[in-house]
Amino acid sequence: MSRAYLGEFEELVLLIIASLGNEGYAVSVKDALSDQANRKVNISAIHSALYRLEKKGFLNSRMGGATSTRGGKNKRIFQVTAAGFSALQASKDLRSSIWKTIPQLSFAVIN
Amino acid sequence: MNKKHPKGPPALGTYLLKKIYGEEMHEEISGDFNEVFEQRKKRQGHLMASFRYVWDSVLSVRNLDLKSQNSIIKTSNTAMIKNYLKMALRVLQKHPTNSVINIFGLAIGMGVCLMIYQYIHFESSFDKFHPGVDNTYRVLLDYSQNGEPQGTGAHTSFGLGVVGKQEIPELKEFVRIHPQYGGAVLTNPENGQPYKEEDMLFVDPAFLQIFNFPLKAGNKDLVLNEKQSIVITERMAVKYFGTEDPMGQVLQLDGGWASGSFVVTGVLQPIPANSHLQFDFLMPIKLLTEDHRQYKESSGWGWNNFVTYVHLRESADLQQVADKYDQLILAYDQDLAKSTTSVSVIFQPVADIHLKSDYSGDPATNNGSLRDVQIFSIIAIIILVIAWVNYINLSTARAMYRAKEVGVRKSIGAFRGQLIYQFVVESALVNILAACLALGIAYMLLPVLNEIIGRQLEMTVVQELGFWISFLTITLSGSLLSGLYPAFILSAFKPSSMLGSTRKASKGGVNLRRGLIVFQFWISALLISGTYLVYAQISYMKNQELGINMEKIVVINGPEVNLNRETIKEKMNTFKNVTGSHHSISMVTGSGSVPGKGYNWRTGMWRFGISEDESKSGNVVFVDHDFTKTYDFEFLAGRSFSEMASEENGFIINEKALQVFGLGLPEEAIQQKLIVGGWDTVRVMGVIKDFHWNSLKDEHSPYIFAHQGSNSYISFKIDLQDIPGTLAHIEETYDAVFPNNPFNYFFLDDEFNNQYQADLQFGNLFTSFSILAIFISCLGLFGLVAFSTNSRIKEIGIRKALGAEVQSLMLLLSKEYMILLLIANVLAAPIIFVWGQSWLEDYAYKVNLGIGLYLIPGLILVVISLITVSYKTYAAAKSNPVIALKVE
C-alpha cells in the first residue's frame, strides 16, 4: 500500500481519536474539536473524514453501545491503527524537522 | 413513534439521511445526528435544533460516495449469483427434456395445489360474511331414548326460540326458518305466467338483522313486518317483473304452506355462493304460526318443522345456556316430559354448518364435507411432493454428468458451501419458473374444476396478501427441499475421483432414488385404487335391486294453482283417465312423494296393545290405489288398496316396519293394528318387501303407505316408443284440466340417481387428481429411464454385438422398475384395505372389497409404466451398436 497523504483536517481528527482512547466517535470528535481547537465543524464533514481515514487504513472501528440520547442507536467507535500512529508520527517528525530550519531571529520576532 | 417522542428529530432529516447513507450505515450516522440534536435542543430549543438537523443532513450529500463504496461489496455477491443463474440457465438449456420434465411436472403439481387451495379457501369461507357470526348458532336437538342415542337433527319446534328469548338472558335474539317444503307456484297476475319455486323461506323479521343479506331496495327492519309481504332476490325480480320496478308489485302464491297475494316489500342483492342458506324468496313466519291450522292449534312444541338460530351474548357460556335450554324444554314440552325420550340442545356455530353438518332436516342443500376437503388437501400436498421427488430423482441421477464440472470448480478453489449454494440456486430457478407457470395452469384448470364440482369458483385468493406469502414460502422451501439433497450429493464428490479418466458412477443416492420411485408408485397405486373403489361403490349403488321399479317412469308435479276442494278429486280422475287412455301409458298414479323425494310425514307409532313408551318413528307416504302396482312392489302378504274405496283406513308397510314395530311374520301382521301418534289406530292391510326409497347410503327404515288422495306427484308408467309424443300428450291434458299450472316432469331413475351426484363429483375429482399424479410420476420415470439407458448405452452396444435380442435387452432395462413397482403395490395393499373400509363406513350398503381392488391398480400401473419405460428402452435396444460403441 502506498503511503497515503494525510490532510490537515484529517490529521487533526486522527489526533483527536488517538486522544479520546476508547471513546472516539463522530460526536465526541466534534465536541473535542470545538473545545480544544475552537473549530465548529459540521458533523457530516467529520463523518466524511472518519470513513475516509478508515478506508486509508489509519483507523479501524467497531460498533459500540447505544444511549438514550442517540435514540437507541448504536455508534461506531474508531481507534487509530498502527499505520495511523506511524502516519501521525511521520507528520510530526516532518514538521519538527522543518521547524528546526527556521532562523532564530524570525522566531524571536514572532514570539 | 412520533407520539412516544413528541420532540424527536424532524422526519425530513431522517429521510434524507436514510437516502444518502443507505440502510446499512443509517444506524450509526443517525445515532450521531440524534446525539447532536439532543445537545442542541437543550441549548437552543427544539426549532433551531430541528433546523440545523435538516441542514446537516443536506450537507451530508458530500458523503454520498460512502453508500456506493458500501454497495460495491454487495455487487461482488450479486456477480456470483449472476454467475450461478447463468450456469443454471445453461444447464437447463443443455438438457431440454430434463428441464421440461422438471419444470412442467412441478408446474402441474403447484397449479393443482393452487387450485385446491382456492377450493379449500372457498369451502372454509362459508357464512363468515355475517358480522355477528361468532356468536350466532344453530340449535340442534340431540335425542336419546332410554339412554340410547336416537340421532341429532336441525329440526326444532317453533316455541323453542320464543321461550329461549323470554327465559334465557344470554340469548339476545332468535330467528326461525321454515322452508317451503315441496315448493309452491308463483304467478305475476299482470302476465299470468306461473313458475314452480322451491327456494322459499318463512322467517322471523330478525332474519335480516342477524344474517347479513343486504337489500337493494327496502328497509331491512321493516320488510318482513307485514303478513302479506314477500322479499325477493334481484334475479327473481327480473324473472317476474322484467325491467319494471318490483317494489310494491303483487305476486300470487298457490300451493305450499300459505296461499294468497303478496306485496313485494324488498329486493335482495344476490345471495353469496358461500352462504349455507340459499333462497330466492323470504316471507314472514307469522303466516304459518298465526294462520296455519296445524301450528295455530298446537302449543308450539308438537311440530318440529322449524330450524332455529340464536344470537348469544359474547360472554355466554355455551354449556350453561344449553343446560338452561334443556330444562326449559322439559318444562314446556309436556309430551316430551312424559315420554322416555330425552332431548339435549347443542349449539352449532353457524360458520361450522357448511363443513360439519350431517344432520337430518338440514335446510342447507349445498353442504360440503370436511372429509372431502381433508382428502383433497392431502392429495394436493401429495401431488406437489411427487413433483419435488421427480426433481430430486432427476438431479441426483444426473449428478454423474456434472461430476466433471464439480471437480473443476473444486480444484480452482470453490468451497463446498458455494457449490451447495449454486445447486440450490438452480433448483430455485426451476421452482420459480414452475411457480409462474403454475399460476397460469391454475387459471386454466379452474373452469374444469368448476365443471366437476358444479360451483363458480374464481381465483380470488390472488387478491390476498396471505396467499402470496404462503405461495412464496412454499416455492422457496420447495426449492430448498428439492435442491439441498442433490446439492449435498454433488458437492461431496472428491475432485481426484471425478477428474480421473475412470469415473466411478456414484452409488450414493441410488437407493434413495429407488426408495423415491417406490414412494411415487405407492401413492399412484393408492390413488388408482381410491378411484376404483369410489366408482365401484357408485355403480354398485346404481345397479342394486331397489325393490322398486323406476324404469320407464315419468313423474310430473301435481297441480297447485286454482284448486278447489270439491272439484279436485273429479278433475284428478279425469286427468288420470284421459292420460291413462293413451296407448303408451300403462299406469297413472298420484302420491305425496316419490322415491328419492323423502317422506310426507314422520311420526311416532306403536303396535296396538303395548305402551306408548315403546313408540318408534316411521315414515308415512300418501299414495293412491295404483301406486304399488305402478312401482311393482312385491307383496309378501295381504293386498293393495282397492280401486273401489277412494280412501281406505289401512296401511301397507314394509318388512322393516314389521321388524321395528314387532309385528312378527308378514302373514301375522295382517289385520294387526298400529297406533299412529296424533292420528288414529290403523290396521295393516299389506306387507311388501323392503325397498330403497332413498339412496343406498341409508339403511332401510320403516315405511308406511297410507291410502289418501295426495297428488303432489303424478307418476306415469310409459313405454319408450314415442317419448316426446307421450310427454306432449300428458302436457296437453294437464294444461287443459289444470290451467295456469306450470308443467314440470322428470324421469324417476335419473332423478333418483341424482342422489349420487355428490359421490360422482367426488369420484370425478379423485380421478382427475389421480391422473395428474400418475402423469407427473410417469414424467419423472421417463426422465430416469432416459438417463439410465443413456448411461448404459455402451453396455447395450456390447450385448447387442454379442447377439442379445431386443426383447431381452428391454427386459434387462425395465426389470428394475418392475420390481420397484411390485414392492410399491405390496406396500399399498394394507393401506388400501384400511382406507377403503373406513370410506365405506358412510354407506349402509357397500360393495365388497374384492381382490380386484388390489390387482386392478397394480395392472393399470404396470401397463402405464411399461409404456413409459419401453419408449426409451425400445429405442435404446433397437439402436445400432456401432454408434453406441463409437462414442467416447
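The values are calculated or read from the model by the stated rules, or taken from the named source; none is laboratory data. These numbers come from a predicted model, not from an experiment. Note that we place each Cβ from the backbone using ideal geometry, even for glycine, and neighbour counts take in every protein chain shown.
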Per-region count, segment A:67-76, residues over 8 Å from residue B:31 (Cα atoms) and touching a helix residue (DSSP H, G or I) at 6+ places or on another chain (Cβ under 7 Å): 2
Looking only at segment B:18-38, and only at residues there that are of a type in the set (A, V, I, L, M) and within 7 Å of chain A (Cβ to nearest Cβ), the one that is surrounded by the most Cβ atoms within 10 Å (Cβ to Cβ): B:29
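Residues are listed down the side, and each one gets a yes or a no for (1) buried (at least 17 other Cβ atoms within 10 Å of the Cβ); (2) touching a residue at least 12 places away in the same chain (Cβ under 8 Å); (3) in contact with a strand residue (DSSP E or B) (Cβ under 9 Å, 6 or more places away or on another chain); (4) not acidic (Asp, Glu):
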| residue | (1), (2), (3), (4) |
| --- | --- |
| B:308 | yes, yes, yes, yes |
| B:329 | yes, yes, yes, yes |
| B:340 | no, yes, yes, yes |
| B:350 | yes, yes, yes, yes |
| B:356 | no, yes, yes, yes |
| B:362 | yes, yes, yes, no |
Failed condition for residue B:545, given (1) more than 43 Å from the chain's Cα centre (by Cα); (2) without any contact (Cβ under 8 Å) to a residue 60 or more places away in the chain: (1)
Residue within segment B:106-120 that is buried (at least 23 other Cβ atoms within 10 Å of the Cβ), more than 30 Å from residue B:777 (Cβ to Cβ) and hydroxyl-bearing (Ser, Thr, Tyr) present: no
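Mind listing whichever residues of segment B:458-471 are more than 21 Å from the chain's Cα centre (by Cα) and under 13 Å from residue B:113 (Cα atoms)?
Filtering segment B:458-471 for residues more than 21 Å from the chain's Cα centre (by Cα) gives B:463-466, B:468-471.
If the condition is that a residue be more than 21 Å from the chain's Cα centre (by Cα) and under 13 Å from residue B:113 (Cα atoms), then B:470, B:471 are the ones that fit.
Any idea which of A:91, A:97, A:48 is at pLDDT below 90, hydroxyl-bearing (Ser, Thr, Tyr) and more than 25 Å from residue B:52 (Cα to Cα)?
Numbers: A:97 fails: at pLDDT below 90; A:48 fails: more than 25 Å from residue B:52 (Cα to Cα).
On inspection, the qualifying residue turns out to be A:91.
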Any hit, segment B:67-87, residues being surrounded by 17 or more Cβ atoms within 10 Å (Cβ to Cβ) and away from chain A (no Cβ under 14 Å): yes
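Filter segment B:371-383 for residues that are charged (D, E, K, R) and surrounded by 19 or more Cβ atoms within 10 Å (Cβ to Cβ) and give the result.
Residues of segment B:371-383 that are charged (D, E, K, R), as a first pass: B:371-372.
If the condition is that a residue be charged (D, E, K, R) and surrounded by 19 or more Cβ atoms within 10 Å (Cβ to Cβ), then B:372 is the only one that fits.
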Any hit, segment B:344-357, residues being in contact with a His (Cβ under 7 Å, 6 or more places away or on another chain) and closer than 30 Å to residue B:112 by Cβ: yes
Output for segment B:313-347, where each listed residue is at pLDDT 85 or above, closer than 18 Å to residue B:150 by Cβ and of a type in the set (S, T, N, Q): B:344
The one condition in (1) loosely packed, with under 14 Cβ neighbours inside 10 Å; (2) modelled with pLDDT under 85 that residue B:368 fails to fulfil: (1)
Pair list, Cβ under 7 Å, 6 or more apart: segment B:264-285 residue closer than 15 Å to residue B:124 by Cα, other residue β-branched (Val, Ile, Thr) and crowded, with 20+ Cβ neighbours inside 10 Å: B:276/B:353
Tally, over segment A:48-78, of residues that are more than 8 Å from chain B (Cβ to nearest Cβ) and in a helix (DSSP H, G or I): 7
Filtered residues of segment B:832-852 (kept if buried (at least 16 other Cβ atoms within 10 Å of the Cβ), over 16 Å from residue B:531 (Cβ atoms) and within 21 Å of the chain's Cα centre (by Cα)): B:843
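Among the listed residues B:764, B:753, B:790, which satisfies the condition of being more than 29 Å from residue B:389 (Cβ to Cβ), out of contact with any strand residue (DSSP E or B) (no Cβ under 8 Å at 6 or more places or on another chain) and not acidic (Asp, Glu)? Can you show your working first?
On the way: B:764 fails: more than 29 Å from residue B:389 (Cβ to Cβ); B:790 fails: more than 29 Å from residue B:389 (Cβ to Cβ).
Unique residue meeting the criteria: B:753.
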Given (1) over 26 Å from the mean Cα position of the chain (by Cα); (2) in a helix (DSSP H, G or I); (3) under 24 Å from residue B:532 (Cα atoms), index of the condition residue B:774 fails: (1)
Per-region count, segment A:29-47, residues within 9 Å of another protein chain (Cβ to nearest Cβ) and out of contact with any Asp or Glu (no Cβ under 9 Å at 6 or more places or on another chain): 2
Options B:214, B:189, B:179, B:149; residue that is over 29 Å from the mean Cα position of the chain (by Cα) and either at pLDDT 85 or above or not polar (S, T, N, Q) (or both): B:189
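In segment B:581-684, which helices (runs of 4 or more DSSP H) lie fully inside it and hold 3 or more residues that are more than 30 Å from residue B:725 (Cα to Cα)?
Those helices (runs of 4 or more DSSP H) span B:655-661, B:666-669.
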Matching residues in segment B:698-723 - criterion: being more than 15 Å from residue B:552 (Cβ to Cβ) and out of contact with any strand residue (DSSP E or B) (no Cβ under 8 Å at 6 or more places or on another chain): B:698, B:699
Condition check for residue A:81: modelled with pLDDT of 90 or more and either within 14 Å of chain B (Cβ to nearest Cβ) or more than 29 Å from residue B:37 (Cβ to Cβ) (or both): yes
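Would you pick out the residues in segment B:823-851 that are free of Cβ contacts under 8 Å to residues at least 12 places away in the same chain and either in a helix (DSSP H, G or I) or in contact with an Asp or Glu (Cβ under 9 Å, 6 or more places away or on another chain) (or both)? Give the derivation first.
Initial filter on segment B:823-851 (free of Cβ contacts under 8 Å to residues at least 12 places away in the same chain): B:826, B:830, B:834, B:838, B:841, B:848, B:850-851.
Passing the criteria: B:826, B:830, B:834, B:838.
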Hits in segment B:853-883 - residues which are over 42 Å from the mean Cα position of the chain (by Cα) and buried (at least 20 other Cβ atoms within 10 Å of the Cβ): B:873, B:876, B:877
Where a residue in segment B:739-764 is closer than 14 Å to residue B:539 by Cα and its partner, wherever it lies, is part of a helix (DSSP H, G or I) and not β-branched (Val, Ile, Thr), with Cβ under 7 Å and at least six apart: B:753/B:542; B:756/B:541; B:756/B:542; B:762/B:372; B:763/B:535
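Given the criteria surrounded by 10 or more Cβ atoms within 10 Å (Cβ to Cβ), part of a loop (DSSP other than H, G, I, E, B) and either touching a Pro at 6+ places or on another chain (Cβ under 9 Å) or more than 11 Å from chain B (Cβ to nearest Cβ) (or both), does residue A:95 qualify? Quick ask: steps written out before the conclusion?
Numbers: surrounded by 10 or more Cβ atoms within 10 Å (Cβ to Cβ): yes; part of a loop (DSSP other than H, G, I, E, B): no; either touching a Pro at 6+ places or on another chain (Cβ under 9 Å) or more than 11 Å from chain B (Cβ to nearest Cβ) (or both): yes.
Considered against the rule, which asks whether it is surrounded by 10 or more Cβ atoms within 10 Å (Cβ to Cβ), part of a loop (DSSP other than H, G, I, E, B) and either touching a Pro at 6+ places or on another chain (Cβ under 9 Å) or more than 11 Å from chain B (Cβ to nearest Cβ) (or both), residue A:95 comes out as no.
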